[in-house]
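The values are calculated or read from the model by the stated rules, or taken from the named source; none is laboratory data. Just so it is clear, the structure is predicted and the values come from calculations on it, not from any experiment. For neighbour counting, all protein chains shown are included, and Cβ atoms are generated from backbone atoms with ideal geometry for every residue, glycine included. Each accessible area value is taken on the protein alone, full model and side chains, heavy atoms only, with ligands, DNA and RNA left out. Shrake-Rupley method; radii C 1.70, N 1.55, O 1.52, S 1.80 Å.
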Amino acid sequence: MTSRIADLPLNERPRERLARHGVETLSDAELVSVVLTASRGRNTLDIARSVLSDGLLALARRDWRTYARVTGIGEVNATKIAASFELGRRSIARETPLGDPIRDPEALATSLLARHSHHAQERLGAIYLDTRNRIIREREIYIGTFNSATVSTRDVLRHALDDHAASVIIFHNHPSGSPDPSGDDLLFTRKLVEAGKVLGVDVVDHLILGANRFVSLKQRGAM
């Protein structure tokens, strides 16, 4: 016999618990279950537990088409999950208005983590700043396995010249979840700083994004 959420005591039903005690009291599975619709004789809490079998970060990284097909939860539920994650990322990403000067590169880290730490592939990007440290443009420059051989400093600095930028902050994610810099990260950063000096573009920082934490190479004294 298939269990239903309605068969649970009121104090164990996710929606009722959310209403009575607040969203922060719910587990990951309970939060996911709230946005789902029961399907194929499975209640939403069972569905939520199945899609979270590899953890919350893995769920955030999945393409919704993939987990609709692999888990059998249905396209409607898969798109609800994808939309929920994207809303969360966007709400954090918009905390830094474009017109505000960047006084501390680390202040960008929360927004960058929200938008890029979930990617399953490494992505290198750059934020170009004017002479008053205001954001001119953010560009995604490279997707794939990142090392000092595959990404050219010219790829980063060419856009700085095109955008008439005075300085640049670069960032990339580590899909492993650890933001600790690799030898290639350090080598690429040193090359970029030196090339920037020649062109008159200040490389302000290199932020490496992990799972919910980051490393600033400037703060570490590595640039």
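Select from the stretch 3-37 the residues that are in a loop (DSSP other than H, G, I, E, B) and either in contact with a strand residue (DSSP E or B) (Cβ under 6 Å, 6 or more places away or on another chain) or open to solvent by 80 Å² or more (accessible area, probe 1.4 Å) (or both) and list them in ascending order. Answer for the stretch 3-37, where residues must be in a loop (DSSP other than H, G, I, E, B) and either in contact with a strand residue (DSSP E or B) (Cβ under 6 Å, 6 or more places away or on another chain) or open to solvent by 80 Å² or more (accessible area, probe 1.4 Å) (or both): just 4. Each residue in the stretch 57-81 was checked for being farther than 25 Å from residue 108 by Cβ and modelled with pLDDT of 75 or more, and 15 of them qualify.
Results for (1) under 22 Å from residue 133 (Cα atoms); (2) without any contact (Cβ under 8 Å) to a residue 60 or more places away in the chain; (3) of a type in the set (S, T, N, Q); (4) surrounded by 15 or more Cβ atoms within 10 Å (Cβ to Cβ), shown as yes or no for each residue.
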position: 201; (1), (2), (3), (4): yes, yes, no, yes
position: 209; (1), (2), (3), (4): yes, no, no, yes
position: 212; (1), (2), (3), (4): no, no, yes, no
position: 219; (1), (2), (3), (4): yes, no, yes, no
position: 223; (1), (2), (3), (4): yes, yes, no, yes
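Of all residues in the stretch 44-60, exactly one satisfies the criterion of being in a loop (DSSP other than H, G, I, E, B), open to solvent by 30 Å² or more (accessible area, probe 1.4 Å) and among the small types (Gly, Ala, Ser), namely 53.
Among the residues making up the stretch 150-191, those that are surrounded by 15 or more Cβ atoms within 10 Å (Cβ to Cβ), within 22 Å of residue 121 (Cα to Cα) and in contact with a Ser or Thr (Cβ under 7 Å, 6 or more places away or on another chain) are 173, 184, 188.
Take the stretch 116-136 and flag every residue that is open to solvent by 50 Å² or more (accessible area, probe 1.4 Å) and modelled with pLDDT under 85. Residue satisfying the conditions is 120 alone. Is there a residue being in contact with a Ser or Thr (Cβ under 6 Å, 6 or more places away or on another chain) and β-branched (Val, Ile, Thr) anywhere in the stretch 121-144? Scanning the stretch 121-144 turns up no residue that is in contact with a Ser or Thr (Cβ under 6 Å, 6 or more places away or on another chain) and β-branched (Val, Ile, Thr).
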